[in-house]
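What follows is a single structure, written as structure tokens, with notes after it.
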Amino acid sequence: MLYEQIQSNKRRTIVLLVGFLILVGIVGAAVGYMLLNSLTMGIVGALIIGAIYAVIMISNSTNVVMAMNHGKEITQADQAPELWHTVEDMAMVGQLPMPRVFIIDDASPNAFATGNSPKNAAVAATTGLIAIMDRHELEGVIGHEMSHVRNYDIRISTIALALTAAITLLTNLGSNWWFFGSGNRNRDNRDNNSSGGGLQILLFVFSIAVMVLAPLVAAMIQMAISRNREYLADAGSVELTRNPEELISALRKLGSAKPMQNVDPSSAALYISNPLKKKAHLFDTHPPIEERIARLEKM
């Protein structure tokens, strides 16, 4: 059952990523029309920008994400014995290579995994997590992160992060240039050529709507990817630890924690628990802690 869920998750995630790429193309078309009066040039430019962002993130994701979140790498067991040995044990149980280990100096308990494959994955934990979790609870949390590594969720999250950043760049570029820059020239050109130009009006409205709505749609796609992978990583943690109570106890502590300090908002979806601790709303990247615990209690 678990392996069927993992395969189903991968298929759904592929569909979502294809949708992400289509969204990048649509945003490119809108920006291309607004700036260059060319849908085709906009689509090509947007896909190139998205590809560049994805390649940069995938090729150097660990260092980039850890720098964004102020992670400090430990290279020896004696620097953080309990964390190091727990990561080592969970990697061994999951038949995975030992990932790089990082510590984030923050009193709020949290953790995440990143990288583009199990061979070059990394796991980070906050000082607050190490301080308040006992060994069994820490195993539950690290088991969750190693499940992300095993299921290639880390690569999927990296690509989603890169495409979201590309969409934000494109929409900002389009709106700023249109309202404050050379977009005025393109606007004049379209006005001069728009006698009976119902299509021009439709394209203009389409472009404005896309630039307004695209960041929201990107957030919803990222939310769908993140929420589904969190449930499966919880199940994967139970498979590795053979004890759902470990993660249940850890999630209860995570649910009552205060927000992290200086967390990078674009990386929030990577963490096991929402580090921003905002109230639940439509665009949450994490399922409610209560729902996750309820699912675990049924296992």
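The values are calculated or read from the model by the stated rules, or taken from the named source; none is laboratory data. Predicted model only: the values in this text are computed from it and were never measured. We place every Cβ from the backbone using ideal geometry, glycine too, and count neighbours over all the protein chains shown. What goes into the accessible areas is simple: the full protein's heavy atoms, side chains included, and nothing from ligands, DNA or RNA. Shrake-Rupley method; radii C 1.70, N 1.55, O 1.52, S 1.80 Å.
Some notes on this structure:
- Calculated P(r) tail over 25 Å for the chain, as whole % of Cα pairs: 51
- Listed pairs 72/298; 119/277; 277/298; 119/253; 119/298 exceeding 29 Å between Cα atoms: 72/298; 119/277; 119/253; 119/298
- Karplus-derived 3J(HN,Hα), 6.51/-1.76/1.60, for each residue of region 21-37, Hz, glycine and proline x: 5, 4, 4, 4, x, 5, 4, x, 4, 5, 5, x, 5, 5, 9, 10, 6
- Between helix 135-150 and the chain: long-axis angle, C-alpha atoms, 0 to 90°, nearest 10: 40
- Ellipsoid fit via the Cα gyration tensor, region 12-58: semi-axes of 21, 13, 6 Å, each the root of five times an eigenvalue, largest first.
- Potential lengthening of the chain between residue 242 and residue 276 amounts to 9.2 nm, from the contour at 0.36 nm per residue minus the alpha-carbon distance.
- Max-minus-min Cα coordinates of region 39-85 on each principal axis give 57, 16, 12 Å, with the largest extent listed first.
- Here the dipole of the chain is about 940 debye; that uses its Cα centre as origin and unit charges on the Cβ of Lys and Arg (positive) and Asp and Glu (negative).
- In this structure region 16-83 gives 48 Å² per residue of accessible area when probed at 1.4 Å with all protein chains present.
- Cα-based Rg / Dmax (Å) for region 125-182: 19.5, 60
- Per-atom-type breakdown for the chain gives carbon and sulfur 62% of the accessible area (1.4 Å probe, protein chains only).
- In range of the label at residue 70: residues from region 247-275 whose backbone nitrogen is under 16 Å from the point 7 Å along Cα→Cβ: 258-268, 275
- Distances between every pair of Cα atoms in region 1-128, grouped in 10 Å steps from 0 to the bin holding the largest one, split as 12, 27, 27, 21, 10, 3, 0 percent.
- Residues in region 96-120 that a label on residue 79 would reach, taking backbone N under 18 Å of a point 7 Å out along Cα→Cβ: 98-106, 111-115, 120
- Sum of -39500 (n - 2.57) over DSSP H runs of 4+, divided by residues of the chain (222 nm, nearest 500): -23500 deg cm²/dmol
- Its Cα centre serving as origin, region 67-116 has a Cβ charge dipole (Lys and Arg +1, Asp and Glu -1) of approximately 180 debye.
- Taking Cα atoms only, the orientation of helix 198-241 departs from the longest principal axis of the chain by about 10 degrees.
- Under 16 Å from a label point set 7 Å out along the Cα-to-Cβ vector of residue 200, the amide N atoms of region 14-41 belong to 33-39.
- Positive-pole candidate from 20, 68, 171, dipole of the chain, charges at beta carbon: 171
- Helix axis angle, 244-255 relative to the chain longest principal axis, alpha carbon, degrees: 60
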